[in-house]
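Structure, as structure tokens:
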2 protein chains.
Amino acid sequence: MNIIEFEPVGRRGECPEDESLLDSARRLDVDIVRLCNGVGVCGRCKVQIVTGDVSPLSAKEKEFLTEKEIGRNYRLACLTRPLGNVKVHVPPESLTAPQRTQVEGLKLDVAPEPSFQSLDVELTPPTIEEQSADETNLLCALNRVDACALSFDLEALRRMPPLLRSENWRARAAIRGREIIAVESASTRWCGMAVDIGTTKIAVYLVDMESGKTLASRGLMNPQISHGEDVVSRIYAASRSAENAEKLQALLVESLNETLASLCAETGVDLRGVVDAVIVGNTAIHHLFLKLPVGQLGLAPYVPALRAAIDVKARDLGLEMAAGAYVHLLPNIAGYVGADHVAMILGTRLAEASGVTLAVDIGTNTEICLNNRGEMASVSCASGPAFEGAHIRHGMRAAPGAIEHLRLSGDRLTVQTIGGEPPVGICGSGLLDAAAQMRLNDVMDSSGKILPHSRVRVREDGMKEFVLVERPGKEDITISQKDIRALQLAKAAIRLGIRALAEGAGIAESEIDEVIIAGAFGTFIDVESAIAIGMLPPLQRERFRQVGNAAGTGARLALVSLGERRKTADMASRVRYIELAAISEFNQKFADASAMTEI
Amino acid sequence: MNIIEFEPVGRRGECPEDESLLDSARRLDVDIVRLCNGVGVCGRCKVQIVTGDVSPLSAKEKEFLTEKEIGRNYRLACLTRPLGNVKVHVPPESLTAPQRTQVEGLKLDVAPEPSFQSLDVELTPPTIEEQSADETNLLCALNRVDACALSFDLEALRRMPPLLRSENWRARAAIRGREIIAVESASTRWCGMAVDIGTTKIAVYLVDMESGKTLASRGLMNPQISHGEDVVSRIYAASRSAENAEKLQALLVESLNETLASLCAETGVDLRGVVDAVIVGNTAIHHLFLKLPVGQLGLAPYVPALRAAIDVKARDLGLEMAAGAYVHLLPNIAGYVGADHVAMILGTRLAEASGVTLAVDIGTNTEICLNNRGEMASVSCASGPAFEGAHIRHGMRAAPGAIEHLRLSGDRLTVQTIGGEPPVGICGSGLLDAAAQMRLNDVMDSSGKILPHSRVRVREDGMKEFVLVERPGKEDITISQKDIRALQLAKAAIRLGIRALAEGAGIAESEIDEVIIAGAFGTFIDVESAIAIGMLPPLQRERFRQVGNAAGTGARLALVSLGERRKTADMASRVRYIELAAISEFNQKFADASAMTEI
């Protein structure tokens, strides 16, 4: 049987040769638009064949595809059948519901190996002749050879006496190492929580610890934003007063408590059965969440308080979970390359890649890791919040009405908004497309300067702007020279990081076999646009893989499997950290990386 | 060199033959009255020779001693010298400051073997080239082979970064097993806290963990008294509402936090250096302190939630100590024989006694343990708070002005008060003396009935009372028939317990080689009086040993030495618990034990 894989949503499965790509997609829960219900008359189900052989291009398809699209291997999913294993890229415009959350990522591919053992017990009720303490009674019933060496979590013990009596002396115990961390009713479903705390967004997953299945997930904003958009301002705030540090931690914890409770309610899971959690974030977020001092992170030599992984009782952080639940935080690599980067490496299987593989996790801060045939190095680039729509005049988050993609042809500009709503602003992927289209249509030169064009006008303050959408009676949606500069700084930082890694490894960028693009934003960018403005190196489209929130995937892997969790210690120590600010000829290299053209 | 031992204060040491007992006492910090400064003219330094040979009785001594005192081996300490090893009993009236706290006990006799290792480290400051995380840096500096297997307590880690920087990268770490529980300045003195929480009183000791020396101690009232004088009423209160349980725990914790902070201030010890604690109490107090459910303790079959020893993070209980400090609670034996009993067994070395040894720990609840040539059994007797002065019309705690001892000769009654203050009431030991003197002078018959006597009068309500002190203008201090009955119930419970243990072991009470009397109250009772009213069996005076707060001593032993701590698990499982309420012919035996005469 052939295997079909859909990008960037990360679904894969078997597909028979007589099934259209559209039907395979439906079977695998990939929501491709099917206005005509798959009879080849609406032309909305365009997909790009990344690798593999498919049925020959039909005459009907040619009606709907441009020459350029045909050249780039675009097809209509309803009229195409696989002839072998095939990898299909679904462009955002072909998805019914824009996958705009930060929780999407690769499916887990490991057998569960939880951090605890679950044991069902039936106790003998005590009598006046046999006045067994509940604890002794449970240990006897556990029937484990090392029962006498087991210890009890205090909170688990506190809950036990009434529970045993109301449950008729039956219970289910969760034992972690030698510690009994929870004793609950015999019907309890042990679950775990995986969390990726980004500077701007948070992804929370509720996972069944027996099956390893993700039961529910949720994306939310990081509430710390009220104390600063980037980590540097939050480090400053937290190190200025203990109250701030307290507040920054409490905001996260409240947010996670609310989200977990809501995910539990949604799935019918008892919060008292959530026995484990894996939490990742960049080093500053990691420290703020643990309420570790961050002052030293903000000053040279920028050292973390903690590099190694740590297990902490959930209650020590204020997290409401099972009685004696633990929270595991993956290791950090350096002051600006944190546990989320380690999770990304784990989630993308980057450490196991054989050739030259680059993984780029684009966010407010962008971390990049190069695995050059086993030698791994990482950099951190302050790409800033431009991709989140911040500091862009008409920028906005990826929410309904945001322009997410656009094409310029002569004077004609077509825009696509999230949810098909009337345009209200532009999000990161739209901004990237806009710059690329401006460059490709000579509305902008390679220095990033906006050139004369029918859609370009000069504002009263002398600033040039490119009009995306005219909205009579409302302010037009535009992109100004200043917006282009913000994007340019962000993309230059990323490209400089990629180049520094290649140089450090002694290879040319063209030797990179695969570029993994991780992160919610990265999932939705048009790679061609990113290449057109020199953000990514001009490699063949097939070498790029957009994997969604890989840090979230890594967190889930580490949650579900102790084996996966153990791998991260090695990863963290194996990755060499390159301080971007310390590379030779930084200024010249940054200027070179700033060119707004394919480089 | 000869060894001299002073009872009940529990001091022992070498003594030269040419040194008077009084001088030895002074050298060993036993405060015997010395009005004439030891020249044999005041006659206040009366002591009783319990065992051993001393210099012959001098003519001068005969002037101050009655025939009876001479018969009971009383001597003047200033005029007596040892001729070999000698054990000396110092009656309360010969002590300068009445030892009225519950903290006095035997001196510790073990080599310190703390639960943690102390290591001094000097770190290499990080640089931009070597951006070591503080945690990694400390682990490297620790120079332990298993350094990479060490984990950090979160709070210890939180304190570390600013500390390392202010202390110029030098520090002292406390490592417990594989966990770094505290990192403090290099001058930190690691200390520990031992606590004996009684139903009525609490004893707190601050101990230097390196030397094992007790630096300071304090006796205080158990603030839970506001929620009930006995444990049964507190169990009821706590099981009625979570708020009550919360409050009962908080009262103890606040009290301990205040006391520890004050002991630290007094001794110049940094609270952040108090890394360990051992806490003992009866099972109900133990559960209330841990906020474990107590409902099942109050209902048949009266089972504890927890029998085994437990280690809990101090912060989980709200105790303010070193960053990652632990609190160790010794094991319980049964629902009404708790960790304080185990501590008493440890503190008296009862488990190691060779013959037949009885240990009686008198308190609001009295626990008794018999070690019959290696076979150990315990009972719990609800002796009630009469010995604390409660429910006695003129009863009071052992505070200044309390009548602590008295003698009746014909109509003449002489009383001794604590601190020599004018009498204001009567405390437990005074009550015991009063009953004994009334019995010996036929003011009371063996059933406990008050008989006619010049000091006996009938109150308006028909109740007979014995006048201790007439106080013109104030209410006279008296002992009523009702007071005698309360005492009778208390002493009967204790004697029944002793008899049940002897019967269970198949021995006669007369076969008991040694009776150890533990507890603050037990330290100050006149053993002769206790025998005279049938509370204790009529054994020779030499077989009794009053050791002060043995539970407190046991707690200190377990604090100072892991070896001692480990012994308690074996003790707790070795001791057979005898349920007094379940013995055969209980009513008859209780009535027999109630006789107010030597039995």
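Kindly work out what percent of the DSSP beta bridges joining two residues of the protein assembly as shown are antiparallel, to the nearest 5.
On the way: 140 of 204 bridges.
Counting DSSP beta bridges with both partners in the protein assembly as shown, the antiparallel share is about 70 percent.
Take every Cα-Cα pair in region B:124-198 and report what % of them are more than 21 Å apart.
30 percent
Return the loop-located trypsin sites (Lys or Arg not before Pro) in region B:1-83 (DSSP other than H, G, I, E, B) with at most 10 other Cβ atoms within 10 Å of their own Cβ; answer none if there are none.
Of the trypsin sites (Lys or Arg not before Pro), not one in the loops of region B:1-83 has a Cβ with at most 10 other Cβ atoms within 10 Å.
Using the count of nearby Cβ atoms within 10 Å as a rough guide to exposure, how do B:F466, B:F387 rank from fewest to most?
On the way: B:F466 24, B:F387 30.
Listed from fewest to most nearby Cβ atoms, that is B:F466, B:F387.
Once the Cβ-Cβ distance between A:R27 and A:N85 is put in as r, and R0 is 22 Å, what FRET efficiency do you end up with, to the nearest 0.05?
On the way: r = 16 Å, r/R0 = 0.74.
Given R0 = 22 Å and the Cβ-Cβ separation, E is 0.85.
Tell me, what is the Rg over Rh of region B:70-228, with Rh the Kirkwood radius over Cα pairs?
Checking Rg against Rh, the ratio lands at 1.20.
Can you pull out the trypsin sites (Lys or Arg not before Pro) in region A:353-438 that DSSP calls coil and that have at most 10 other Cβ atoms within 10 Å? Numbers along the way, then the final one.
On the way: sites: A:R373, A:R393, A:R397, A:R407, A:R412; in loops: A:R373, A:R393, A:R397.
Sites meeting the loop and neighbour criteria: none at all.
Taking only Cα atoms, what is the 0 to 90° angle, nearest 10, from helix A:231-240's long axis to the longest principal axis of chain A?
The angle comes out at about 50 degrees.
For a 22 Å ceiling on Cα separation, which of these pairs sit above it: A:K449/A:K589; A:K46/A:K491; A:K491/A:K589; A:K291/B:K291; A:K313/B:K291? Walk me through the numbers on the way to the answer.
Details: A:K449/A:K589 19 Å; A:K46/A:K491 29 Å; A:K491/A:K589 13 Å; A:K291/B:K291 27 Å; A:K313/B:K291 18 Å.
Violating the 22 Å limit, Cα to Cα: A:K46/A:K491; A:K291/B:K291.
Report the GluC sites (Glu not before Pro) located in region B:118-209 that are in a DSSP loop and have at most 15 other Cβ atoms inside 10 Å of their Cβ, or state none. Kindly include the intermediate steps, with their values, before the conclusion.
Numbers: sites: B:E122, B:E129, B:E130, B:E135, B:E155, B:E167, B:E179, B:E184; in loops: B:E129, B:E130, B:E167.
Answer by residue number: B:E129, B:E130.
At 222 nm, what value in deg cm²/dmol follows for chain A if DSSP H runs of at least 4 each add -39500 (n - 2.57) and the sum is divided by all its residues, to the nearest 500? Don't skip to the answer; put the middle values down first.
Numbers: 17 runs with 179 residues, N = 599.
-9000 deg cm²/dmol, from helical runs alone.
Run the quick spin-label model on A:R412 and A:V467: label points 7 Å from Cα toward the beta carbon, then report their separation in nm to one decimal.
1.8 nm
How big is the antiparallel share of DSSP beta bridges in chain B, given as a percent to the nearest 5? Provide the component values of the computation, followed by the final result.
Values: 70 of 102 bridges.
Bridges in chain B that DSSP calls antiparallel: roughly 70 percent.
Taking just the C-alpha trace of region A:498-599, give me its Rg and Dmax in Å.
16.1, 46
Between copies, how far apart are the B:E460 label points? List them in nm, one decimal, shortest first, with each point 7 Å from Cα toward Cβ, please?
Those separations, rounded to one decimal, come out as 9.9 nm.
Collect residues whose amide H, placed 1.01 Å from N in the peptide plane, falls under 5 Å from the amide H of B:L95; neighbours closer than 5 in sequence don't count.
Distant-sequence amide H within range of B:L95: B:V33.
What's the Kirkwood radius of chain A in Å, using all Cα pairs? Provide the component values of the computation, followed by the final result.
Working: mean 1/r = 0.0388 Å⁻¹.
Evaluated over chain A, this radius sits at 25.8 Å.
May I ask for the percentage of alpha-carbon pairs in the protein assembly as shown that lie more than 53 Å from each other? Present the calculation step by step, with values, prior to reporting the outcome.
Working: 289173 of 717003 pairs.
That tail contains 40 percent of the Cα-Cα pairs.
Between copies, how close do the B:S354 label points come, placed 7 Å along Cα→Cβ, listed in nm from shortest?
7.8
Compute the long axis of helix A:154-166 from its Cα atoms, compare it with the longest principal axis of the Cα atoms of chain A, and write down the angle in degrees, 0 to 90, nearest 10.
Taking the Cα atoms of chain A, the angle to A:154-166 is about 70 degrees.
In region B:410-444, whose amide N lies under 20 Å from the spot 7 Å out along Cα-to-Cβ of B:L489? List them in ranges.
The answer is B:426-436.
Using only the alpha-carbon atoms, how far is helix B:242-267 inclined from the longest principal axis of chain B? Give it as 0 to 90 degrees, nearest 10.
So the helix axis and the longest Cα principal axis differ by about 80 degrees.
For region A:530-540, in order, what is each residue's ³J(HN,Hα) by Karplus, 6.51 cos²θ - 1.76 cosθ + 1.60 with θ = phi - 60°, in whole Hz (x at glycine and Pro)?
With the stated coefficients, region A:530-540 comes to 4, 6, 4, 9, x, 6, 10, x, x, 9, 4 Hz.
Give the share of C-alpha pairs in each 5 angstrom bin for region A:325-389, from 0 to the last occupied bin, in whole percents, shortest bins first.
Histogramming region A:325-389 at 5 Å steps yields 4, 17, 25, 22, 16, 9, 5, 1, 0 percent.
Over chain B, what relative contact order in percent results from Cα pairs under 8 Å that are six or more residues apart? Don't skip to the end; give the middle numbers.
Working: 1344 pairs, mean separation 82.6, N = 599.
Relative contact order, chain B: 14 percent.
Quick one, can you get me the convex hull of the C-alpha atoms of region B:223-341 expressed as volume per residue in Å³?
Numbers: hull volume 11.2 nm³, N = 119.
Residue-normalised Cα hull volume stands at 94 Å³.
Can you report the principal axis dimensions of region B:231-287 using only the alpha carbons, biggest first, rounded to whole angstrom?
That works out to 42, 20, 15 Å along the principal axes.
With the alpha-carbon atoms as the only input, what is the per residue convex hull volume for region B:194-264 in Å³?
On the way: hull volume 5.8 nm³, N = 71.
With only Cα atoms used, region B:194-264 gives 81 Å³ per residue.
Using a label point 7 Å beyond Cα on the Cα-Cβ vector, give me the inter-copy distances for A:L28 in nanometres, one decimal, shortest first.
Output for A:L28: 8.8 nm, nearest copy listed first.
All of the numbers you see were taken from the coordinates with simple rules; none came from a lab. Keep in mind it's a predicted model, so treat the numbers as computed, not measured. Note that we place each Cβ from the backbone using ideal geometry, even for glycine, and neighbour counts take in every protein chain shown.
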